[in-house]
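The values are calculated or read from the model by the stated rules, or taken from the named source; none is laboratory data. Since the model is a prediction, treat every value here as computed from it, not as a measurement. Reconstructed Cβ throughout: ideal geometry from the backbone, glycine too, with neighbour counts over all protein chains shown.
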Ligand code: TRP
Ligand code: SF4
C-alpha cells in the first residue's frame, strides 16, 4: 500500500465546500492507501499565534467533522502535528535547503500574505519567519511519513513543488534518502457560496457548515441568491444563475433536480417554495453526517487522536533516523 499524507489547519468547522471538495476524495482514498491525516495545529498557529484557543478548540471540532463524514479511524491515522516533534526537527534541517527569496516567490505564500494585511502589513513588511517558512514545515509533514501521494487542491500545488525541490536538494547533497511525493488532485470541485461568490468561507458568511442546525440552514437558504430578474412567483427564470438551483444540484435527487429546472424555466415554481424544498433536501443530506458525529464523544475523539499519533510518531521516528544518518548527525 502506498502512503498518503494530507493536512488540514484547524481553524474552523468543515463546510460543504470542504465536503464536496476534499472530503469525498478522502473517503475513496482511505480504502486504497496507508492514510495519515494531520491536524496541522503548528501550521495553523503561524497565522493564528495570537489566538491559541481558537486553534485548540478546532483540533477537536475538525477531527469530529472528519469522522462525521465517514472517515474510518481504523484506516486513517488521525494525528496532531504538535505531538510529533520529529516534524519540527526535520523542519530545522530542511531550512538550510531553501532560500528566503524562493519562499517569498511561492505563489501560495504570496497570496496568503497579501490577504493577511492586519497581521503581516500592507506590503508584507511584517511577515514572520514562521509564516514565511511554513512550506518548509509542510515538506517535513510529508516526508516525515515517507508520503508518496498528497491529495491537495490546486492552491496547494506550489507547496508540493517546494517540497519536491527540498527532497531533490536533500538527496543530491546527502544521498538518496527521501521520496519525491506526487500529487493527486483533490478539491477539484469548488463549491460556490450561497451568495454566488466563487469561494465559500467563514469570513464571507456564505457557507453551510456540516454542523449547522435546521434553523441556521433555513435562514441561510432563505437569504440565498436567486435569479434577480425574477420578480413575481410565476415569472419564468434562469436556474443556471440561481444559487438555490446550484445547491439543489449538490444535495437533491436527479428527479427533483430536473423538476426544479423545468418548472423554474416555465415559471411554474415560486422561489419561496423552491427554497423550502432545498431546506428539506439539505437537512436530509446533513442528517446522517450529524447523527454519526454524535457517536464521537470527546473521550472517543481523544482516544482516536492518541492512537493515530502513536502510529505517526513511530513512522516519523524511522524517517528522522534515516535523515540524521544521511546528514551525519546520527551520534
Ligand atoms: N497547507 C494546508 C492547508 O492550508 C494544510 C497542510 C498542512 C497540508 N500540512 C500539509 C496539506 C501536508 C498537505 C500536506 O490546507
Ligand atoms: Fe431559483 Fe428556484 Fe427561484 Fe428558479 S424558482 S430562480 S431555481 S429559487
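Summary of computed values
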| read-out | value |
| --- | --- |
| Any chance residue 195 is free of Cβ contacts under 8 Å to residues at least 60 places away in the same chain, out of contact with any helix residue (DSSP H, G or I) (no Cβ under 9 Å at 6 or more places or on another chain) and within 16 Å of ligand 2 (Cβ to nearest atom) | no |
| Entirely in the stretch 117-177, the helices (runs of 4 or more DSSP H) that have 2 or more residues that are within 23 Å of the chain's Cα centre (by Cα) and more than 15 Å from ligand 1 (Cβ to nearest atom) | 117-120 |
| Members of the stretch 182-192 that are under 30 Å from residue 324 (Cα atoms) and in contact (Cβ under 8 Å) with a residue 60 or more places away in the chain | 184 |
| Residues (in a helix (DSSP H, G or I) and surrounded by fewer than 22 Cβ atoms within 10 Å (Cβ to Cβ)) located in the stretch 44-57 | 46, 52, 53, 54, 55, 56, 57 |
| Residue count for the stretch 23-43, restricted to those that are in a strand (DSSP E or B) and more than 13 Å from the chain's Cα centre (by Cα) | 3 |
| Residue 51 touching a strand residue (DSSP E or B) at 6+ places or on another chain (Cβ under 9 Å) and either closer than 24 Å to residue 88 by Cα or in the same structural domain as residue 282 (by TED's automatic domain parsing) (or both) | no |
